[in-house]
Each structure stands twice: as structure tokens, then as C-alpha cells.
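A short worksheet on the structure shown next.
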Amino acid sequence: MKGVRFYFDGGMNQFVSGVSVKEIIKKANDSEKDNWIVFDDQIVINLKKVYEFYEDEYEEDS
């Protein structure tokens, strides 16, 4: 599954499936709240705390 992996200051990371870096940049630009992005009404990411993010793919165990 494709998605975007975010790496945060402090070494934490978060994978968000079904999105692309382009979508994230667009969402960030459209966001009313500066630099905050919400995925699926659950995962909230503050881009100011992200130091790297890129498209990623992983195999899900079936």
C-alpha cells in the first residue's frame, strides 16, 4: 500500500496510507489552521514538527 511516512523531531514516525506528498502539500496550502493537517478525522500532523516526509510503500501481511 502506498502512503506517506512522516519523520518527526524526536525520532518518532507516522505512516499515513492512501495519500501522496502532492496531496499533503495541497492540504497544507489549503489549511485554515497554519501547518496542521488532519487525515481521516483522526491523525493530526503539524508540519512544523515534521523534518522529513516522503512517499513510501509497504506490504501488508495477509
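Observations on the structure shown:
- Residue in segment 48-58 that is surrounded by 11 or more Cβ atoms within 10 Å (Cβ to Cβ) and either out of contact with any strand residue (DSSP E or B) (no Cβ under 9 Å at 6 or more places or on another chain) or of a type in the set (A, V, I, L, M) (or both) present: yes
- Subset of segment 19-36 [of a type outside the set (A, V, I, L, M), modelled with pLDDT of 90 or more and open to solvent by less than 100 Å² (accessible area, probe 1.4 Å)]: 20
- Summed over segment 1-57, residues that are without any contact (Cβ under 8 Å) to a residue 40 or more places away in the chain and part of a strand (DSSP E or B) total 12.
- For segment 29-62, residues that are over 15 Å from residue 18 (Cβ atoms) and among the β-branched types (Val, Ile, Thr) total 2.
- Residue count, segment 15-62 (criterion: over 16 Å from residue 4 (Cα atoms) and among the small types (Gly, Ala, Ser)): 2
The values are calculated or read from the model by the stated rules, or taken from the named source; none is laboratory data. Remember, predicted model here, so these are calculated numbers, not experimental data. Heads up, the Cβs are rebuilt from the backbone with ideal geometry, glycines too, and the neighbour counts pull from every protein chain shown. These accessible areas exclude ligands, DNA and RNA; they are computed on the full protein's heavy atoms, side chains included. Shrake-Rupley method; radii C 1.70, N 1.55, O 1.52, S 1.80 Å.
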